[in-house]
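Visitor: I'd like to ask some things about the structure below.
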Amino acid sequence: MGHIVTLDAEGHLVYEGLLSAKEKASIDEILKALKEEIPQIESDLEEAYGNGVLYKYNLGKFLGELLEKYDISPSERRKFWDEIKTFATKENRIRDEGRNAETRSFYGQCYRLSQLEQEIVEKLSWRQWQDILDRVSNREDERIFEWVRKQNKKIREDDWREFEKGLHLYLKNKDTSVFTDEELFGIYDSIMEMGQYWRIAFLQFSKDFPNSAKIKTKARRSKKYQSECFKISHEQRKTMDDEIFSKAFEATMK
């Protein structure tokens, strides 16, 4: 594509760079095509798949065709996604996508998702995929996609939120390339189990002590619990298990 357009403060079309009349005409032709194609494909996909993850996956496939059709280079993708959001879609996407990173753009994430096998994509909800795609540390080691494939059932949203928090905490300053597949998948599994233990234990605590003020500080105590789990695991030089989870929970809620 080579040239980008934006809107100025008054909403007027602004061409980036010094362009000839022919180049401007070419850009206008692309924008016209986008304005016609994007709303139609979004409507068709929503009718076929609802608003779930397969809608985004198949939208990503279509976006890949546009990248090839209009010769959009990797360095231009984020601006291209922004052009679609500004000029073509009828959807009101209000989520903060940042300013520069392609990985936070809705269309960029749809495209990235479309590069995976559908079997993997269907394992998680769209919100769960966004959690992975938003953070570089989460997807830097692409073996996480294979771990997702190995999940034999859907992951609860509350368990996933705890997993994401634990994963982010664990991956700080970690080079996962030193781990074998078996070792890495075991770490992911233990972080998931850590969150599941928290959910069940905290629910029981809430039933046993319904008037406890500690119930109101769940998010803060969850973070402390995870830190305790990693601390005890490191001190004992052993993989996290129910014994560690129990000790960490007790220390967190005392």
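The values are calculated or read from the model by the stated rules, or taken from the named source; none is laboratory data. As the structure is a computational prediction, the values presented were derived from the model and not from experiment. Here the Cβ positions follow ideal geometry from the backbone for every residue, glycine too, while neighbour counts run over all protein chains shown.
Visitor: Of these, Ile187, Ile155, which one is outside any helix (DSSP H, G or I) and surrounded by 13 or more Cβ atoms within 10 Å (Cβ to Cβ)?
Guide: Values: Ile187 fails: outside any helix (DSSP H, G or I).
Testing whether each residue is outside any helix (DSSP H, G or I) and surrounded by 13 or more Cβ atoms within 10 Å (Cβ to Cβ) leaves just Ile155.
Visitor: Out of Ile200, Ile232, which single residue is β-branched (Val, Ile, Thr), at pLDDT 95 or above, at negative phi and surrounded by 14 or more Cβ atoms within 10 Å (Cβ to Cβ)?
Guide: Ile232
Visitor: Turning to a different aspect of this structure: Out of everything in segment 170-184 that is over 16 Å from Phe145 (Cα atoms) and either of a type in the set (Lys, Arg) or touching a Lys or Arg at 6+ places or on another chain (Cβ under 8 Å) (or both), what residue ends up being surrounded by the most Cβ atoms within 10 Å (Cβ to Cβ)?
Guide: Lys174
Visitor: Taking segment 100-136 only, how many residues are modelled with pLDDT under 85 and in contact with a Lys or Arg (Cβ under 9 Å, 6 or more places away or on another chain)?
Guide: Going through segment 100-136 one residue at a time, the tally reaches 5.
Visitor: Now, a different point. Lys238 is checked against (1) closer than 26 Å to Arg143 by Cα; (2) of a type outside the set (Ser, Thr, Tyr); (3) at pLDDT 95 or above; (4) not in a helix (DSSP H, G or I) and fails just one. What number does that condition carry?
Guide: (3)
Visitor: Quick one: in segment 27-42, of everything that is without any contact (Cβ under 8 Å) to a residue 24 or more places away in the chain and in contact with a Phe, Trp or Tyr (Cβ under 9 Å, 6 or more places away or on another chain), which residue is farthest from Lys79 (Cα to Cα)?
Guide: Top of the filtered list is Ile41.
Quick grid of which residues meet (1) crowded, with 17+ Cβ neighbours inside 10 Å; (2) in contact (Cβ under 8 Å) with a residue 40 or more places away in the chain; (3) in a loop (DSSP other than H, G, I, E, B); (4) touching a helix residue (DSSP H, G or I) at 6+ places or on another chain (Cβ under 7 Å):
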| site | (1), (2), (3), (4) |
| --- | --- |
| Asp44 | no, no, no, no |
| Gly60 | yes, yes, no, yes |
| Leu66 | yes, no, no, no |
| Ile72 | yes, yes, yes, yes |
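Visitor: If only one of Asp181, Asp175 is charged (D, E, K, R) and at pLDDT below 95, which one is it?
Guide: Asp175
Visitor: Would you pick out the residues in segment 161-184 that are hydrophobic (A, V, I, L, M, F, W, C) and touching a Gly at 6+ places or on another chain (Cβ under 8 Å)? Break it down into steps so the answer makes sense when it comes.
Guide: Here is the first cut: in segment 161-184, the residues hydrophobic (A, V, I, L, M, F, W, C) are 163, 167, 169, 171, 178-179, 184.
Selection gives Phe163 alone.
Visitor: Scan segment 74-94 for residues that are under 16 Å from Glu42 (Cα atoms) and surrounded by fewer than 18 Cβ atoms within 10 Å (Cβ to Cβ) and report the count.
Guide: 8
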